[in-house]
Amino acid sequence: MAQTIWVNKAKLSENMVHDADLPILADGALRLKIESFSVTANNITYAVIGDMFGYWNFFPAEGAWGVVPMWGHAVVTESRHPEIAVGERVYGYLPMGTHLDVLPGKVSASGFTDTAAHRQPMSPIYNQYSRINADPEHDAAKEAERMLFGPLFKTGFLIEAMFRRENWFGAQNLVMTSASSKTSMSLASVAKDLSPHIKRIGLTSKGNVAFVANSGLYDEVIAYDDVGNLPAAASVAVDFAGNSGLLRGIHDALGEHLKYSCLVGATHVDARGANSPGGNGDAMPGPKPILFFAPDHAVATIQELGPKGFGEAVATSWKSFLGAVDGVVEIDERTGITSAIPAFTDTFQGKADPAIGIIIRP
């Protein structure tokens, strides 16, 4: 029996546990039993812009229901593929559930791609699975951190790479909303290492100011209520919150000093508006906010650095980031697939503590 958490695509606070018998495994396919996955604001973004970017299509449900993608680990419990054995562990894109059947293609010692027909229209980045036994990024002692930070870290890495390619659009300051979020912390860490001349300014709620400041990743931390105090200097802004009022406040405060406005994610779902992912396009003063789609920038950065150079650059920055956040986030492991429901709902409603990283073991 497989269990999957279905959520109402139009009302993400509504959910249900869907039970289904496991089908007969197709020739060439693998059955993965999901061992663990993280629940972060990244998953909320997948759901909020699921229709826009096809995130609901990776693990189809029925009718008004959808399955939110997660990042995690799984073990092969049944194999009809000659090159992949039962008992092997993998890391990659998984449903919020207990099982997943995949059809491996492009199989190598380090990984494979799920070639299932329904997944091909979406970005291939999400269809790749790492084989743990030959995965250079795997660290048995840091599996939780990889699930929590890994995909978000790469987004932060790619944002910094994009800005550096563009010479930071002539900016001196990097302004980041949701500074307590894992993606913002990742971007701050990469910028600190690779673009130290750029001042990193984190915006966060008043209750999270101390946590963000204690991370040591930001040069300055400003509460949302004080957004009008942003320094009047050439700046680029990266909005991880999806809060149109806050974004407008940044545009108003910086005016002509704002050189580029980047949208990444939507953690403040209730405040999502015109210029956030999924918004309705209402006009805003200053540069038009541009949505950052990580898979497209991954292709550009890999072309720039080459596959080997890209992997090495990510690995170096990842190691530095792990050192920077060591002890900053407490790991909270929860057992049973139903434990994912309150974890997802609390994160969706903004109740999750940024100092705690949630891992679900179905």
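The values are calculated or read from the model by the stated rules, or taken from the named source; none is laboratory data. Just so it is clear, the structure is predicted and the values come from calculations on it, not from any experiment. Heads up, the Cβs are rebuilt from the backbone with ideal geometry, glycines too, and the neighbour counts pull from every protein chain shown. Note: areas computed on protein heavy atoms with side chains; ligands, DNA, RNA excluded. Shrake-Rupley method; radii C 1.70, N 1.55, O 1.52, S 1.80 Å.
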Practice task
Kindly establish whether GLY357 is farther than 20 Å from ASN214 by Cα and either part of a loop (DSSP other than H, G, I, E, B) or open to solvent by less than 60 Å² (accessible area, probe 1.4 Å) (or both).
Solution key: no
Exercise for the section: Starting from residues that are open to solvent by 30 Å² or more (accessible area, probe 1.4 Å) and in a strand (DSSP E or B), keep the ones in segment 239-261 and report whichever is nearest to ASN43 (Cα to Cα). Expected result: TYR260
Exercise for the section: Quick one: count up the residues across segment 181-223 that are in a helix (DSSP H, G or I), open to solvent by 10 Å² or more (accessible area, probe 1.4 Å) and in contact (Cβ under 8 Å) with a residue 24 or more places away in the chain. Expected result: 8
Completion exercise
Note on ALA61: of the conditions (1) over 18 Å from ARG119 (Cα atoms); (2) among the small types (Gly, Ala, Ser); (3) surrounded by 14 or more Cβ atoms within 10 Å (Cβ to Cβ), unmet is (1)
Practice task
Output the number of residues of segment 77-107 satisfying the condition of being open to solvent by 10 Å² or more (accessible area, probe 1.4 Å), assigned to a loop (DSSP other than H, G, I, E, B) and in contact (Cβ under 8 Å) with a residue 12 or more places away in the chain.
Solution key: 8
Practice task
Could you tell me whether segment 303-322 includes any residue that is assigned to a helix (DSSP H, G or I) and under 30 Å from ASN8 (Cβ atoms)?
Solution key: no
Practice task
Determine whether segment 77-87 contains at least one residue that is within 19 Å of TYR129 (Cα to Cα) and basic (Lys, Arg).
Solution key: yes
Fill in the blank from the handout: Scanning segment 271-310 for residues that are at pLDDT below 80, open to solvent by 40 Å² or more (accessible area, probe 1.4 Å) and within 21 Å of TYR224 (Cβ to Cβ) gives ARG272, ASP282, PRO285
Exercise for the section: Taking ILE159 as the residue in question, decide whether it is open to solvent by 20 Å² or more (accessible area, probe 1.4 Å), within 19 Å of ALA294 (Cβ to Cβ) and β-branched (Val, Ile, Thr). Expected result: no
Handout entry: Filtered residue count, segment 224-238, keeping only those that are open to solvent by 40 Å² or more (accessible area, probe 1.4 Å) and out of contact with any His (no Cβ under 7 Å at 6 or more places or on another chain)
Key = 5
Problem - Meets criteria (surrounded by 21 or more Cβ atoms within 10 Å (Cβ to Cβ) and at positive phi) for TRP168 - result: yes
Handout entry: Yes/no for ILE341 being closer than 18 Å to SER181 by Cβ, out of contact with any Ser or Thr (no Cβ under 8 Å at 6 or more places or on another chain) and open to solvent by 30 Å² or more (accessible area, probe 1.4 Å)
Key = no
